[in-house]
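Below is one structure, written out as structure tokens, with a few remarks after it.
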Amino acid sequence: MLAYSEGVIHSIRTIDAHAGGQPLRLIVEGVPHPRGRTLLQKREWLRTYADAVRQAVVREPRGHADMVAAVLTEPASPEAHAGLLFMDAEGYPAMSGHGVIAVTTLAIERELFFSRQEDMAELRIIFDTAPGTVHARARCKARGNAGHVDSVVFTNVPSFVHTAAHPVHLRASHIKPWRQSTDQERLSGSNGLMLAPHVDHLSTADTSALLMTGSCR
């Protein structure tokens with residue numbers, strides 16, 4: 001694809017894939033080399049100096065609201081095969097589960113890291129990501145004269161309790177009346193069909209609240 005920024009046309013090469021219908025676009029050529037020692041620093045460098053690449057790859061007309069892109073970098077830890085950063089229409093998410101699955105599949109089937117032996121039934125790939133290290137394991141099966149990835153599982157960064165018993169206010173933004181929404185909320189791909197001017201009459205004057213029990217008031 002071709003991207004235009006600051007009067008210069010750049011060529012960007014990508015590979016499109018999906019995991020269970022969720023799209024992933026892996027950038028393999030055309031992205032500047034992100035600087036930084038950690039993946040957080042590399043992500044911030046891309047955000048500051050190369051955000052035009054993200055906008056060209058994931059936004060219309062080449063992308064769409066649900067597109068997720070990924071770029072491989074040098075690893076930050078000695079045990080990892082590569083660093084992995086994600087992009088979407090709103091910015092640079094820390095993690096994408098379906099993205100890890102899709103990138104693992106592409107890395108093996110396109111032999112991006114190492115040559116795949118025909119008799120190798122399982123391969124493991126370690127990615128450094130912004131939150132931490134992710135371990136992926138792929139099972140391969142022969143299909144015709146070639147082997148393909150049959151399934152991928154991965155171990156994500158360990159979770160932890162940040163603050164216990166902290167009250168939060170949950171707002172069902174997808175049923176917020178159009179007239180009360182900001183331009184960013186109206187364009188957000190995470191909002192549902194209720195966020196539209198022709199269905200404002202289905203909402204009350206105030207933002208509706210979706211309760212944890214499933215009821216709505």
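The values are calculated or read from the model by the stated rules, or taken from the named source; none is laboratory data. Please read these numbers as outputs of a predicted model, since none were measured by experiment. Note that we place each Cβ from the backbone using ideal geometry, even for glycine, and neighbour counts take in every protein chain shown. Note: accessible area is taken over every heavy atom of the protein model, side chains too, but ligands, DNA and RNA are not part of it. Shrake-Rupley method; radii C 1.70, N 1.55, O 1.52, S 1.80 Å.
Ala80 meets all of the listed conditions (1) out of contact with any helix residue (DSSP H, G or I) (no Cβ under 8 Å at 6 or more places or on another chain); (2) outside any loop (DSSP other than H, G, I, E, B); (3) open to solvent by less than 80 Å² (accessible area, probe 1.4 Å) but one, namely (2). The conditions of being in contact with a strand residue (DSSP E or B) (Cβ under 7 Å, 6 or more places away or on another chain) and at pLDDT 95 or above are met by Ala69. Go over the candidates Ala76, Ala80, Ala94, Ala102 one by one and state the one that is at negative phi and out of contact with any strand residue (DSSP E or B) (no Cβ under 6 Å at 6 or more places or on another chain). Going through Ala76, Ala80, Ala94, Ala102 in turn, just one is at negative phi and out of contact with any strand residue (DSSP E or B) (no Cβ under 6 Å at 6 or more places or on another chain): Ala94.
Taking the conditions exactly as written (part of a loop (DSSP other than H, G, I, E, B), surrounded by fewer than 17 Cβ atoms within 10 Å (Cβ to Cβ) and in contact with a strand residue (DSSP E or B) (Cβ under 6 Å, 6 or more places away or on another chain)), does Pro61 satisfy them or not?
Details: part of a loop (DSSP other than H, G, I, E, B): yes; surrounded by fewer than 17 Cβ atoms within 10 Å (Cβ to Cβ): yes; in contact with a strand residue (DSSP E or B) (Cβ under 6 Å, 6 or more places away or on another chain): no.
The answer is no for Pro61.
Once segment 48-58 is narrowed to residues that are of a type in the set (A, V, I, L, M, F, W, C) and in a helix (DSSP H, G or I), the residue that is nearest to Ser96 (Cα to Cα) is Val58.
Residues of segment 122-163 that are part of a loop (DSSP other than H, G, I, E, B) and open to solvent by less than 50 Å² (accessible area, probe 1.4 Å): Thr129, Ala130, Gly132, Val157.
Looking at segment 39-47, can you tell me whether even one residue there is open to solvent by 80 Å² or more (accessible area, probe 1.4 Å), modelled with pLDDT of 95 or more, part of a helix (DSSP H, G or I) and under 23 Å from His98 (Cβ atoms)?
Yes: segment 39-47 contains one or more residues that are open to solvent by 80 Å² or more (accessible area, probe 1.4 Å), modelled with pLDDT of 95 or more, part of a helix (DSSP H, G or I) and under 23 Å from His98 (Cβ atoms).
Within segment 15-29, the set of residues being under 14 Å from Val58 (Cβ atoms) and surrounded by fewer than 18 Cβ atoms within 10 Å (Cβ to Cβ) comprises Asp16, Gln22.
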